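Scroll down for the structure; my scribbles are underneath it.
The values are calculated or read from the model by the stated rules, or taken from the named source; none is laboratory data. Treat the numbers as computed from the prediction; the structure is a model and nothing was measured. Methodologically, a virtual Cβ is constructed for each residue, glycine included, from the backbone with ideal geometry; neighbour enumeration extends over all protein chains shown. With ligands, DNA and RNA removed, areas are computed over all heavy atoms of the protein, side chains included. Shrake-Rupley method; radii C 1.70, N 1.55, O 1.52, S 1.80 Å.
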Amino acid sequence: MAVGLAAGARAGDILRSYWGKTRTAEKKGAIDLVTEADLASEKAITQLIRTAFPEHSILAEESG
């Protein structure tokens, strides 16, 4: 549970740092957008999980 809380807190910090500053958004579907903030926060989450649980697989929204 501590890893999940740490990952969520780190992702929140990243998303707040992008607030009002996001310049790009790409379409990944007809109405589904992905921003640099989405990618950065997901990367932080997956890195924290991989560090704590290197043997686990991760299915993520943006990177698969």
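Summary of computed values
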quantity	calculated
Within the accessible area of the chain (1.4 Å probe), percent carbon and sulfur	59
Average accessible surface area per residue within the chain, 1.4 Å rolling probe, Å²	77
Among 49, 14, 31: highest mean-square fluctuation, GNM of the chain, C-alpha pairs under 10 Å	31
Candidate aspartates and glutamates - alpha carbon under 17 Å from residue 28, same-chain residues fewer than 8 apart omitted	36, 38, 42, 61, 62
Within the chain, longest stretch clear of exposed GluC sites (Glu not before Pro) (DSSP loop, no more than 11 other Cβ within 10 Å)	1-54
Mean ellipticity per residue at 222 nm, deg cm²/dmol - from DSSP H runs of n ≥ 4 across the chain, formula -39500 (n - 2.57)	-18000 deg cm²/dmol
Candidates 40, 52, 30: whichever shows maximal mean-square fluctuation once the chain is modelled as a Gaussian network with Cα springs under 10 Å	30
In sequence order, calculated HN-Hα J values of the range 10-21 (Karplus, 6.51, -1.76, 1.60; Hz; x Gly/Pro)	5, 4, x, 4, 5, 4, 5, 5, 8, 3, x, 10
Calculated from backbone phi, Karplus (6.51, -1.76, 1.60) coupling profile of the range 46-52 in Hz, x at Gly/Pro	5, 5, 4, 5, 5, 5, 6
Fluctuation leader among 29, 12, 20 - the chain, Gaussian network, Cα springs under 10 angstrom	29
